[in-house]
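A short worksheet on the structure shown next.
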Amino acid sequence: EEVDLATNDQRVAYLEGLGWQVSPEPVETLDLQLPENLEEKWGDYTALQKQQGFPFVDYAGQAVRRYTYAVGNYPGVPEGVQANLYLCGDTLIGGDIIATGKGGFQRELTFPKS
C-alpha cells in the first residue's frame, strides 16, 4: 500500500513509528534521477527494497528525492548511523538505514531485533 510522506513531520513520524530516534530535520536532501536500468548500478539496492515491499524498481528513470536523517539509537552504534527515505513526489518508494565509517553497513528500515 502506498505511503504518502509529503511533510517533514510525516517523514519523521514514519521513522519514529519504526522505532528510530532521528534528527528533527534532514541532515541532507538530495535530488537525483534514477537510471532507466536500475539493476546495473542499483542491483543490490533494488533487491533490498523489494525485500521490504517498496516499489523502488517501478520508479526507474524517474526524478526522486532522498531525505537523510541522523539516527541516534541504533543498537551498539552510537554515531554515524543515518536513515534514508526515497520519495517520488510525496510517495515513499524506498529507504534504508546506513552506517558510515568502519564496519559500515546498509540494511532495511525496520528496527533490528535484539
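The values are calculated or read from the model by the stated rules, or taken from the named source; none is laboratory data. Everything numeric in this text was worked out from a predicted model, so none of it was measured. Cβ: placed from backbone, ideal geometry, glycine included. Neighbour counts: every protein chain shown. Just so you know, the surface numbers come from the protein's heavy atoms only, side chains and all, with ligands and any DNA or RNA stripped out. Shrake-Rupley method; radii C 1.70, N 1.55, O 1.52, S 1.80 Å.
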Mind counting the residues in the range 5-43 that are in contact (Cβ under 8 Å) with a residue 60 or more places away in the chain and either in a helix (DSSP H, G or I) or open to solvent by 90 Å² or more (accessible area, probe 1.4 Å) (or both)?
3
Tell me which strands (runs of 3 or more DSSP E) are completely within the range 74-114 and hold 1 or more residues being β-branched (Val, Ile, Thr), or say none if there are none.
81-88, 91-99
Residue that is farthest from the chain's Cα centre (by Cα) [pool: residues in the range 44-53 that are within 16 Å of Ile98 (Cα to Cα) and surrounded by 11 or more Cβ atoms within 10 Å (Cβ to Cβ)]
Ala47
Restricting the search to the range 66-80, which residues are within 12 Å of Pro26 (Cβ to Cβ) and exposed (fewer than 15 other Cβ atoms within 10 Å of the Cβ)?
none
